[in-house]
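Heads up: the structure comes next, in structure tokens.
The values are calculated or read from the model by the stated rules, or taken from the named source; none is laboratory data. Only a predicted model underlies this, so the values are computations on that prediction, with no experimental measurement involved. When we count neighbours, we look across all protein chains shown, and the Cβ atoms used for this are built from the backbone with ideal geometry, even at glycine. Note: accessible area is taken over every heavy atom of the protein model, side chains too, but ligands, DNA and RNA are not part of it. Shrake-Rupley method; radii C 1.70, N 1.55, O 1.52, S 1.80 Å.
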Amino acid sequence: MALTPMMQQYHDAKQVAGDALLLFRMGDFYELFHEDATKAAGILGLSLTSRDKGDPKNGKEPTPMAGFPHHQLDQYLAKIIAAGMRAAVCEQVEDPKEAKGIVRRDVTRIVSRGTVTDDTLLDPQSSNFLLAIAPYESSDRSACGLAWIDVSTGRFEATSVDPSRLGDELARIAPVELLVREDRPPLPVEWSERRVVTSRPPWAFGQQAAKAALDKHFGPHALEGFGFNESDAPALAAAGAVLDYLVETQKASMAHIDRLVPHRTGSTLEIDESTRRSLEITKTIRDGTREGSLWGVLDRTITSMGARLLGDWLANPLTSVDTIVARHDAVEELLKNASLTTALRETLRSIYDMPRLLARITTGRASPRDLCFVARTLACLPKVKAKLADRTSARLEQLHTRIDLCGGIRKDLETALEEECPLTAREGGFIRSGFNAELDEQRELAKGGKQWIAKYQAEAIERTGIPSMKIGFNRVFGYYLEVTHAHRDKVPDDFIRKQTLKNAERYVTPELKEYEEKVLAAEERAQTLEYDLFVELRETVASAAKRLQATATALAEIDCLASLAELARSRNYVRPEMVDQAKLEIIGGRHPVLDVTEPEGTFVPNDVACKSRESRVESLEEDPAEGASFLLITGPNMAGKSTYIRQVALLTLMSQVGSFVPAEKATVGVADRIFARVGASDDLARGRSTFMVEMTETARILNTATPRSLVILDEIGRGTSTYDGLSIAWAVVEHLHNVVGCRTLFATHYHELTDLEAQLTGLANFNVAVQEHAGRVVFLHRIISGSADKSYGIHVAQLAGVPREVNERAADILEQLEAKSAQTGESDQRYRLDRPAKNGSLQMTLFEMADHPLLDEIRELDIDSMTPLEAFGKLSDWHEQLGTLQDS
Ligand SMILES: Nc1ncnc2c1ncn2[C@@H]1O[C@H](COP(=O)(O)OP(=O)(O)OP(=O)(O)O)[C@@H](O)[C@H]1O
């Protein structure tokens with residue numbers, strides 16, 4: 001059956017929309033049809049109706065249909081986006097009055113999580129990145145290009161990474177939507193969950209398509225100017241893919257995306273996905289929220305752009321001492337000058353989210369209110385600039401210079417706009433009177449006309465003696481005089497009847513028509529003029545977008561620095577001394593989150609001192625008693641081991657972000673990478689057990705840590721049997737101490753490991769002090785030198801409410817086991833790993849297996865040629881064989 005012209009138009013639009021829900025504008029409604037209508041009815045709570053009755057004879061079902069009034073578009077877009085779907089908005093693109101035949105319609109934009117620009121659909125405090133992943137393979141290289149755009153601010157960056165680092169980069173950038181090649185296997189669940197994943201054809205990721213898209217947008221040769229080179233081919237392929245997608249779906253000017261910034265590894269601290277999660281830098285492990293994370297505690301910013309920048313700083317701590325020190329200098333100046341900081345923060349309260357306003361202005365989606373917000377922000381700039389006039393630190397000096405007052409634009413906006421402006425330009429009334437003579441004239445005419453109509457009504461009442469007669473207006477007849485049936489006989493002859501209602505008649509007169517034309521024409525003219533003036537103003541601001549954006553970036557940074565100063569003041573933080581050596585000395589350090597959440601004064605501060613093997617060797621020549629590189633921390637459950645080691649990692653990270661730290665004194669050597677393996681987590685989604693996850697992460701640390709890194713490890717080897725676990729922990733300690741030599745804090749319950757202090761010169765034992773009082777333990781949370789005497793596991797079980805008889809039985813068993821082990825001379829170290837210094841090969845001393853053939857294999861093993869993961873695999877293998885042997 002042939003389609004009606006309108007349904008043909010619908011089908012054409014649906015081709016463009018693809019899998020996005022097509023919102024098809026029909027008069028004052030957006031309608032959805034077919035499958036889209038059925039889906040929308042479920043997601044959006046719309047009632048499902050049908051457009052026709054179908055054709056039962058030919059087996060044709062009625063066409064499902066659902067819709068909503070046009071003014072509710074934003075509300076429904078928000079729901080569609082929240083449901084992780086995309087929506088294609090198909091508008092009427094010509095005036096129905098002027099249409100010959102059916103009105104023309106076009107898909108004007110495709111909206112998804114990663115392409116929204118409306119404030120109502122965005123999280124003010126987070127960037128909203130759309131990220132493309134471009135797989136890249138050449139004869140000598142396999143890489144992944146990544147490019148991410150925040151359309152709501154215009155930020156655009158790209159990088160090339162080794163495919164193994166893809167998860168880390170996704171955790172760092174935290175995009176909301178991913179563009180992937182449709183012919184590649186689906187991404188692992190943990191990368192795609194809570195994100196929209198949009199498939200794109202392979203050609204979209206090709207080098208040629210990318211070059212064409214980038215050249216078209218930025219102009220030829222712009223990329224070299226941005227600092228890209230030949231080795232960046234994967235990054236550029238991704239950049240082209242993401243830009244091309246925007247051009248295709250947004251159909252608006254993307255002029256605000258005026259730069260593509262290369263992201264270079266090495267300039268920022270490398271933090272892998274699991275470390276980011278374990279340290280709870282931007283969200284908590286428990287519920288994935290900002291509240292309770294480091295970001296939540298640190299953020300005292302006033303503006304949304306400041307909050308986003310701080311999030312960005314936390315995701316990308318610095319590695320250059322000079323740049324970090326420049327931030328610390330600025331924070332210190334603001335901390336010392338409290339009145340300046342208070343005044344700056346007060347002014348920032350009147351500043352709006354400029355990057356997002358500018359994005360809407362340059363893409364032509366701004367409202368008069370957006371322009372009004374720009375004007376208000378510009379009005380604050382002289383105050384901010386004046387306040388920074390006497391600054392002394394280099395960074396504040398630079399920021400002061402970067403604030404461009406944009407006086408001309410401010411004056412234009414202030415003379416043109418009313419104090420309060422409406423949300424849509426069509427509402428009108430936002431241009432000040434006196435700004436444009438023609439507009440004033442038309443407004444007067446329209447106003448005068450309305451007064452005339454009121455007067456005409458009064459005169460008509462007097463002339464006819466019909467007191468209830470009133471003048472009304474509708475779109476069909478324009479102005480009319482309404483007379484109830486009771487007064488019909490008093491209607492004069494010059495009234496022309498137009499419409500009969502149930503209780504009344506409607507009439508027009510020649511005079512009424514004449515004035516109506518004048519009024520309506522004036523109103524329409526005023527509206528058009530006002531809209532044109534609005535577009536002109538919008539363009540004035542858009543043409544200065546670059547200057548305004550640079551000023552906005554400076555304001556965001558001032559907000560961040562002032563926020564760090566305010567935090568340092570209110571929480572009593574100190575400035576860390578940054579050094580270019582791999583050492584760390586903290587006195588009276590506190591965990592930044594527990595410091596806030598624990599009752600005031602109850603958190604017990606602790607010290608730390610360690611330095612990498614290299615720095616230790618250097619300083620040993622001066623002072624043989626200089627600190628260790630490897631701190632082994634034992635202590636009862638619940639004593640505070642994990643808290644302590646995390647605290648050390650967090651204080652290092654905070655220092656490199658530019659923040660002061662919760663401590664009495666801190667000297668921090670810049671780390672190139674921080675690794676945290678804290679707490680057991682499994683990854684059932686990828687079919688990996690807790691132990692497998694632990695080993696993969698551990699292997700990665702051993703393979704990638706450098707002498708400049710900081711490693712914190714908690715309970716390594718806990719996910720397997722005691723001896724396997726101990727063997728692995730042992731080997732890990734040796735590798736980190738002997739081979740890597742980086743600063744390491746290792747919390748463990750394997751007391752056997754404390755014996756290593758005698759063999760490994762850079763290893764020092766620490767434990768967490770407890771007091772035993774009337775059979776109960778009291779946790780002092782104080783880290784002291786030396787190893788713990790026992791685990792107090794049973795005491796903790798008692799604290800946790802394990803029934804008394806179970807606890808007593810456990811204590812009984814423990815006693816018997818200890819007695820047995822004393823008798824036989826056996827200890828947990830039966831299967832200890834022994835590394836003869838001579839050939840460096842790892843051997844296992846299996847006391848009970850003197851003649852087992854496995855021993856030869858073990859003796860011959862060249863551990864140095866294996867990766868740690870291979871070595872662990874081998875160990876597990878042996879233990880398994882040993883187990884079978886013992887069982888038989
Ligand atoms: N320095 C401290 N001051 C005050 N309270 C602390 C301190 N350190 C830890 N705590 C408290 O002790 C609790 C347990 O700490 P943590 O989880 O670090 O212990 P743990 O030794 O790692 O335990 P387990 O071995 O059972 O994992 C924390 O939740 C915290 O409330």
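What to note about this one:
- Debye, to nearest 20: dipole size of segment 357-452, +1 on Lys, Arg Cβ, -1 on Asp, Glu Cβ: 460 debye
- Relative contact order computed over segment 437-536 (Cα-Cα under 8 Å; 6+ residues apart), in percent: 31 percent
- Note on surface exposure: LYS583, LYS447 rank LYS447, LYS583 by accessible area, highest first, 1.4 Å probe.
- Straight-line cross-link reach from LYS641 at under 19 Å between alpha-carbon atoms covers these lysines, not counting any fewer than eight positions away in the same chain: LYS790.
- Around the Cα centre of segment 208-248, unit charges on the Cβ atoms of Lys, Arg, Asp and Glu (plus for the first two, minus for the last two) sum to a dipole of about 60 debye.
- Members of LYS455/LYS513; LYS97/LYS470; LYS470/LYS518; LYS211/LYS251; LYS216/LYS251 lying beyond 18 Å, as alpha-carbon distances in this model show: LYS97/LYS470; LYS470/LYS518; LYS211/LYS251
- Bridge type composition, segment 123-265 - antiparallel percent by DSSP, nearest 5: 60 percent
- Partners of LYS39 within straight-line reach, counting lysines whose Cα lies under 17 Å from its Cα and excluding those fewer than 8 residues away in the same chain: LYS14, LYS79.
- FRET efficiency, 1/(1 + (r/R0)^6) with R0 45 Å, evaluated for ARG141 and ASP607 via beta carbons: 0.45
- Theoretical gain in end-to-end length, GLU444 to ASN738 [0.36 nm per residue, Cα-Cα removed]: 97.1 nm
- Using the Cβ-Cβ distance between HIS70 and GLU536 with R0 set to 30 Å, the FRET efficiency from 1/(1 + (r/R0)^6) comes to roughly 0.70.
- Estimated at 0.36 nm per residue, the fully extended path between GLU614 and GLU94 surpasses their Cα-Cα distance by 179.9 nm.
- Ranking SER293, SER304, SER139 by solvent-accessible area of protein heavy atoms (1.4 Å probe, all protein chains present), from largest to smallest, gives SER139, SER304, SER293.
- Assuming charge only on the beta carbon of Lys and Arg (+1) and of Asp and Glu (-1), the dipole of segment 5-111 about its Cα centre is about 140 debye to the nearest 20.
- Exposure check, 1.4 Å probe, all protein chains in place: THR540 carries approximately 50 Å² of accessible surface.
- FRET E, pair VAL778, THR284, Förster distance 30 Å, beta-carbon r, rounded to 0.05: 0.60
- Where labels lie 7 Å past Cα in the beta-carbon direction, separation of GLN451 and ALA338 in nm: 6.0 nm
- Each residue was assigned an accessible area with a 1.4 Å probe, and for TRP452 the value is about 50 Å².
- Placing a label point 7 Å from the Cα of HIS485 along the Cα-to-Cβ direction, the residues of segment 504-524 whose backbone N falls under 15 Å of that point are 504-506.
- Virtual paramagnetic centre 7 Å along Cα→Cβ of SER433, amide N under 12 Å, in segment 519-542: none
- A cut-off under 14 angstrom between Cβ atoms defines the neighbours of ARG402, and their net charge, with Lys, Arg +1 and Asp, Glu -1, is +1.
- Pair ASN229, ALA386: separation of 7 Å Cα→Cβ label points (nm): 4.9 nm
- Spacing of the modelled spin labels on ALA78 and GLU517, each 7 Å from Cα toward Cβ, amounts to 4.6 nm.
- Cross-link partners of LYS383 among lysines (Cα-Cα below 19 Å; sequence separation of 8 or more within a chain): LYS411
- Taking all protein chains as shown and a probe of 1.4 angstrom, TYR352 keeps an accessible surface of around 60 Å².
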